[in-house]
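This report refers to the structure that appears directly beneath it.
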Amino acid sequence: MKTQHLLLFISLFFLAACGEDDEFQAQHNQGKNCLECHGFTSGATLYKKIDGADYAVDDVARGYSLQLRLESGTILTYTKGNGYGNKLYNGDQGAINNFTPQVVDANGKIVNQSSQNSHHVGRLACNRCHTQNGLNGAPGRIVNYDYFGNLAVQTKQQ
């Protein structure tokens with residue numbers, strides 16, 4: 001009987017410790033190209049710094065999600081990946097052509113997005129271009145704030 005109570009207590013502890021934003025483990029190759037190792041359709045890491053470092057758990061944005069708004073208006077929603085800030089989509093790639101990536105907060109508000117239909121099916125390995133310094137025209141990481149809006153405000157103030 002004591003063993004059953006102990007097991008019940010341990011189970012309840014772990015259930016209580018799991019919150020809305022808990023992933024399997026904190027660190028899992030944040031910032032690296034997910035598709036180099038994984039076979040899902042698309043993967044990304046969301047950051048709170050445009051120049052967040054690879055593997056830097058403190059630089060990633062937790063509590064946000066990622067979605068693709070397809071040219072047709074269809075929304076594809078990413079799920080949590082392994083590791084804080086990591087997101088993945090594992091659906092049919094056939095319907096994806098031009099799309100607008102959007103970062104969404106816990107209340108469903110779009111807090112950041114790229115230019116409309118600025119991405120295409122060849123850009124589903126998000127971290128390949130959204131690196132610490134940005135490649136292929138990407139400004140840097142995918143961030144949880146309106147990067148371009150903040151940049152415009154900063155430019156006006158100078």
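The values are calculated or read from the model by the stated rules, or taken from the named source; none is laboratory data. Please read these numbers as outputs of a predicted model, since none were measured by experiment. All Cβ positions, glycine included, derive from the backbone under ideal geometry; neighbour counts span all protein chains shown.
Tabulated data for the structure shown
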| read-out | value |
| --- | --- |
| Every residue from the range 112-138 that is surrounded by fewer than 17 Cβ atoms within 10 Å (Cβ to Cβ) and β-branched (Val, Ile, Thr) | Val121 |
| Subset of the range 52-71 [surrounded by 16 or more Cβ atoms within 10 Å (Cβ to Cβ) and among the charged types (D, E, K, R)] | Asp59, Arg62, Arg69 |
| Checking Lys48 against (1) within 16 Å of Ala125 (Cα to Cα); (2) touching a helix residue (DSSP H, G or I) at 6+ places or on another chain (Cβ under 7 Å); (3) modelled with pLDDT of 95 or more, the condition it does not meet | (1) |
| Test: residue in the range 1-19 that is polar (S, T, N, Q) and either modelled with pLDDT of 90 or more or within 26 Å of Gly140 (Cα to Cα) (or both) | no |
| Residues located in the range 120-139, provided they are in contact (Cβ under 8 Å) with a residue 40 or more places away in the chain, under 17 Å from Gln102 (Cβ atoms) and not in a helix (DSSP H, G or I) | Leu124, His130, Pro139 |
